[in-house]
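Report on one structure; see the data block that follows.
The values are calculated or read from the model by the stated rules, or taken from the named source; none is laboratory data. These numbers come from a predicted model, not from an experiment. As a convention, Cβ positions derive from the backbone with ideal geometry for all residues, glycine included, and neighbour counts pool all protein chains shown. Note: accessible area is taken over every heavy atom of the protein model, side chains too, but ligands, DNA and RNA are not part of it. Shrake-Rupley method; radii C 1.70, N 1.55, O 1.52, S 1.80 Å.
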Amino acid sequence: MPMLDTLRSASRRRFLTDTARAAGGCVLAGSALAYLARDARALPADAIRPPGALDEDAFLSACIRCGLCMRGCPYDTLKLAELGIDGAATGTPYFTARDVPCEMCEDIPCVAACPTGALDASLEDIDDAQMGVAVLVDQENCLNFLGLRCDVCYRVCPVIDEAITLKASHNSRSGHHATFAPTVHAEHCTGCGKCEHSCVLPEAAIKVLPVRLARAETADHYRRGWEEKDARGAPLVEGVIDLPDRLPGPGTDNLVAPGGFEPAFRLDGAGQ
Amino acid sequence: MSARTHSPAGAEARETKGWLSAHRYLLLRRASQLFFLALFLSGPWFGLWITQGTLAGSLTLNILPLTDPFVAAQSLVAGHWPELTALIGAGIVLAAYALLGGRSYCAWVCPINPVTDGAFWLHKRLGLPKGWQPRRGTRLWLLGAALVVSGLTGTIAWEAVNPVTMLHRGLIFGMGFVWALVLLIFVFDLVVARRGWCGHLCPVGAFYGLVGTKSVLRVSAPARAACDDCMDCYHVCPENQVISPALKGKPGTSPLVLSPDCTNCGRCIDVCAMDVFKFTLGSTTP
Ligand code: SF4
Ligand code: SF4
Ligand code: SF4
Ligand code: SF4
Ligand code: SF4
């Protein structure tokens, strides 16, 4: 039946072209979608994820953008990113520390509200949260670095004296004062943003950054000999002769050459 | 064919049944759409917390979790195994739509439906041409593409563009530029492709369609012998390819609308002056 055959081949051809067209369209649409979905991974530096959030890649596979965490937050800290306005993936929760920081609720209601595990329910102690890490980004304008006693970021820290300490050192400008440098200890910093929120400068000198931006990674081949020596309680290499250290400064024999140098200032009556 | 073919669809039903019964399911449907919005909005607007969250995931009366199963499926494909709460929520939604007809979601819940219905209404009023009509199956291809892209990028890919959840979230949490996306769909349906979005492209609708393949709640045409070929049901049905097998089937074939594309909107029941259609339970009895 040639008539039927032509019909059949015509319909088969139509089927094939239709399928090819649909498949082609899907590859196009899929590529556009993939571009948009991947683009959504570019989380701006000042957008901090809620406590317990999985790392950004895992978070985007887990968060269904329901907003329940935001509803759970009693301080209106969290926001959902709006299309075309906020940089974070549309509908995902984040906060801007400078506007409203996280108050580190003891019962962590945002995590309890999350149905998917995008905020990891295994976070039980809010002190273990790592939303980000505070970094004193501008030493040139930080009032404490200028020698004043502002101390605000230090005072407001919920993990005061662990996450942030004041490190005293000689104030070389005045010559007879100390500077108290706010110093963040990343291991204890939760990234709550209270410090950034409270910084008295018009633009905060201390800022919470996502961990990926705030932290360096030690190279595997670099070993901290002094730590290993302490742990071992003895030198790492046997039979090394320990020569006396030739430190500069008053009270040593090393105020002048060879090998020493003159200190930049002298305290009257000290040493010698 | 009778002369009535040329009068607006449903005019005859309005005369014989009265305006109210000729719009019964349409009114119920709009009420249902408003009801589901009100559930989510009463909290943020009036402090009356009934349902928190969005259509993607919600918690009702602090006890009932619901999750959009298509979003959950993409999350699974992207490599995340959700917590039990989300899985239970997705299970409940799946079970409900498997019984009630998957695309009941489209007709009775989805916030985009009034937009595309509005575009269709205007399209008819302006007498515009059909425009581009991609195959109805295109949405299944898009559904597949959304899942593949989720797997490849490790993200819940469709949520990057999904106008359904975006509009819903926008109404509850803040719009951003979502209005532009919604306008785009309206204009697309109006001038580019009649019934283009919901009828041909939306993978969410396609997903729910698959969920409802074995639905218990269905439209049936038990009185199909009384059909006088006015074609009104074909004019109002958003998926009118589903009607013929039930309405024009040979004697002995099922009068049930069996296609998963049927949205259970009940508009065909409304506009039929001969009362050919009705909702039925059970997938075998007429
Ligand atoms: S810990 Fe408390 S304040 Fe911080 S985001 Fe969660 S709910 Fe909000
Ligand atoms: S509750 Fe969880 S899934 Fe929902 S928006 Fe928040 S992080 Fe995402
Ligand atoms: S972000 Fe600032 S306030 Fe919060 S824990 Fe870290 S140092 Fe303290
Ligand atoms: S097809 Fe998609 S947009 Fe249309 S009503 Fe259904 S879910 Fe909503
Ligand atoms: S067959 Fe009837 S109920 Fe189904 S989509 Fe069409 S008009 Fe709606």
At least 50 Å² accessible surface lost relative to isolated chain, residues of segment B:45-81 (1.4 Å probe)
B:H80
Solvent-accessible surface (1.4 angstrom probe) belonging to A:D55, in square angstrom, nearest 10
110
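Beyond 15 Å, how much of the Cα-Cα pair distribution for segment A:80-136 remains, as a whole percent? Write out the running numbers ahead of the final one.
Details: 940 of 1596 pairs.
So the pairs more than 15 Å apart make up 59 percent of the total in segment A:80-136.
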Per the Kirkwood treatment, what hydrodynamic radius in Å, one decimal, follows for segment B:1-105 from the mean inverse distance over all distinct Cα pairs?
16.7
Using θ = phi - 60° and the Karplus relation 6.51 cos²θ - 1.76 cosθ + 1.60, list the HN-Hα couplings for segment A:209-219 in order, rounded to whole Hz, with x at every Gly or Pro.
10, x, 3, 4, 8, 7, 10, 8, 10, 6, 6
Under the Kirkwood approximation for Rh and a Cα-based Rg, what ratio Rg/Rh is obtained for segment A:90-179?
1.10
log₁₀ of I(q)/I(0) at q = 0.27 Å⁻¹ - segment A:183-238, Debye sum with one point per alpha carbon
-1.11
Cα Rg, Dmax, segment A:7-64, angstrom units:
20.2, 64
Any chance you could look up the accessible area of A:R13 with a 1.4 Å probe, heavy atoms only, rounded to 10 Å²?
150
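Excluding A:G25 itself, what net charge comes from residues whose Cβ is under 15 Å from its Cβ, given Lys and Arg +1 and Asp and Glu -1?
Details: positive: A:R21, B:R135, B:R136, B:R139; negative: A:D18.
So the environment of A:G25 carries a net charge of +3.
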Dipole moment magnitude, nearest 20 debye, segment A:1-159 about Cα centre, only Lys, Arg, Asp, Glu C-beta charged
1380
Average accessible area per residue (Å²) across chain A - probe 1.4 Å, nucleic acids and ligands excluded:
60
Can you give me the solvent accessible area of A:R149 with a 1.4 Å probe, rounded to the nearest 10 Å²?
130
What residues does segment B:151-166 have that are buried by at least 10 Å² of accessible area in the full protein assembly compared to the chain on its own, 1.4 angstrom probe?
B:T153, B:G154, B:T155, B:I156, B:A157, B:W158, B:E159, B:A160, B:V161, B:M166
Order B:62-72, B:262-272 from most to least packed using the mean count of other Cβ atoms within 10 Å.
B:262-272, B:62-72
Using the scaling law 2.2 N^0.38 Å as the reference, what is the normalised Cα Rg of the protein assembly as shown?
1.36
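Take the alpha carbon atoms of segment B:71-160, find their radius of gyration, then divide it by 2.2 N^0.38 Å using N residues; give the quotient. Don't skip to the answer; put the middle values down first.
Details: Rg = 16.7 Å, N = 90, 2.2 N^0.38 = 12.2 Å.
Relative to the rule-of-thumb radius for its length, segment B:71-160 sits at 1.38.
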Relative to the longest principal axis of the C-alpha atoms of chain B, give the angle of the C-alpha long axis of helix B:138-153, reported between 0 and 90° and rounded to the nearest 10°.
10
Local charge sum around B:W108 (other residues, Cβ-Cβ under 13 Å, Lys/Arg +1, Asp/Glu -1)?
+3
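Please arrange A:D127, A:D151 by accessible surface area, largest first, computed with a 1.4 Å probe and ligands excluded. Mind dumping the intermediate values first?
Details: A:D127 75, A:D151 10 Å².
Listed by decreasing accessible area, they come as A:D127, A:D151.
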Could you check what % of the DSSP bridge pairs in the protein assembly as shown are antiparallel, to the nearest 5?
95
Identify all aspartates and glutamates with a Cα-Cα distance to B:K124 below 14 Å; exclude those on the same chain that are fewer than 8 residues away in sequence.
B:D189, B:D232
Across all directions of projection, what mean area in square nanometres is found for the Cα convex hull of chain B?
16.0
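Under 13 Å from the Cβ of B:R194, count the other residues' Cβ atoms, weight Lys and Arg +1, Asp and Glu -1, and hand me the total.
Spelling it out: positives minus negatives among the neighbours equals +2.
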Taking Rh as the Kirkwood radius, which is the inverse of the mean 1/r over Cα pairs, what is the Rg/Rh value for segment B:195-286?
0.95
For segment A:50-87, state which residues have at least 50 Å² less accessible area in the presence of all protein chains than in their chain by itself, taking the probe as 1.4 Å and leaving out ligands, DNA and RNA.
A:S61, A:I64, A:R65, A:C66, A:L68, A:R71, A:E82, A:L83
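Give the interface area between chains B and A as buried accessible surface, both sides summed, probe 1.4 Å, in Å² to the nearest 100.
Details: alone 14140 and 17990 Å², together 28960 Å².
Summing both sides, the interface buries roughly 3200 Å².
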So what are the three principal axis dimensions of chain A from its Cα atoms, in whole Å, longest to shortest?
118, 52, 34
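What's the carbon and sulfur percent of the protein assembly as shown's accessible surface, probe 1.4 angstrom, rounded to a whole number?
On the way: 17910 of 28960 Å².
That fraction is 62 percent.
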Work out Dmax and Rg for segment A:1-137 from the C-alpha atoms and quote the Rg first, both in angstrom.
23.4, 85
How well do other chains shield peptide A:110-120, expressed as the mean number of their Cβ atoms within 10 Å of each residue Cβ?
5
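Could you tell me which chymotrypsin sites (Phe, Trp or Tyr not before Pro) in segment B:5-68 are loop residues by DSSP with no more than 15 other beta carbons within 10 angstrom of their beta carbon?
Working: sites: B:W19, B:Y25, B:F35, B:F36, B:F40, B:W45, B:F46, B:W49; in loops: B:W19, B:W49.
Counting only loop positions with at most 15 other Cβ atoms within 10 Å, the chymotrypsin sites (Phe, Trp or Tyr not before Pro) in segment B:5-68 are B:W19, B:W49.
Which of the peptides B:205-216, A:202-213 is most tightly packed, and how do the rest follow, going by the mean number of other Cβ atoms within 10 Å of each residue?
On the way: B:205-216: 21.9, A:202-213: 18.4.
Listed from highest to lowest mean packing, they are B:205-216, A:202-213.
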Heavy-atom accessible area per residue, segment B:116-267, 1.4 Å probe: how many Å²?
40
Have a look at A:R224, A:R21, A:R173 and tell me which one the Gaussian network model of chain A (Cα, springs below 10 Å) gives the largest fluctuation.
A:R224
